[in-house]
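Working notes for the structure below.
Just so you know, all these numbers are worked out from the coordinates, no wet-lab data involved. Since the structure is predicted, the reported quantities are computational estimates derived from the model, not experimental observations. Don't worry about glycine lacking a Cβ; one is built from the backbone with ideal geometry, like all the others, and counts go over all protein chains shown.
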Amino acid sequence: MPASGSDTQSPWPPIPQLVLSLLVLTVVGALVFGVVSAGGAFGAFNPTWEGTSELRTGVPHGAESEVQLSMVGYATETPSDTVVIILSPDQPYSPSEIAQIQQFLFDGGTVVVADSFGSHANPLLDDLGASARLDGAVLRDEIEYAAGPTFPIATNVTSHPYTDGVDELTLNYGTAVRPGTADVLAQTSSFAYLDQTGSGNLTDTDELGPHAVVTVESIGSGQVVTVSDP
């Protein structure tokens, strides 16, 4: 992305709000998915492990996709058939943009906020009226893990339409969700802990799990899903 103030005309939105612009995938109605960088982390055309090209092209049922480089999707898509996925927002949303998302929620839309250590996700959740918050400390599990303790496996998955067919989730250097009044959809084993001191080891101040990693709560006629790893 060109630097701010560059003379080159940027192809991206002047105030990119998501790590990804808006990608609309029609599934019955539409799935709205954010993209700012096409090839960087979480990029819609990045085929590596940190990209989201498989998400863009892998939605089932023959979904069609269209990349949008603005927030127009919030107003033009049918909210009840639309999911907005916000991955690690790198800038705060303006009051007018918050109002757009709030209206989308109250009209029946679903917003997924996925982040771990960024500074803008929790303020966004607060502005949207959600009670869930991201803790911000590294989530570790010395027993139930994939490549290592910072790749904890959430084996406790609640039966829900959003978790249909899901038995477990593996995080990659993520955190936990403090649910508030939200319903927990997935949580770690009882051996997981939040490394509050950053020591890389379980200390007396670290609380053992289980810890929530995915929650859902109703806002208006819509829902907010919070995920602790983008």
What ranking, highest mean first, results for peptides 203-209, 146-152, 131-137 when packing means the other Cβ atoms within 10 Å averaged over each residue?
131-137, 146-152, 203-209
Relative contact order (%) - segment 116-230, alpha-carbon pairs under 8 angstrom, separation at least six:
27 percent
Note on segment 70-155: contact order normalised by length, alpha-carbon pairs under 8 Å, 6 or more apart, percent, works out to 25 percent
Residues of segment 81-100 with amide N under 19 Å of the 7 Å Cα→Cβ point at Ser131
none
To the nearest 0.05, how large is the calculated FRET efficiency for Thr78 and Thr158 if R₀ is 25 Å and r is the Cβ-Cβ distance?
0.35
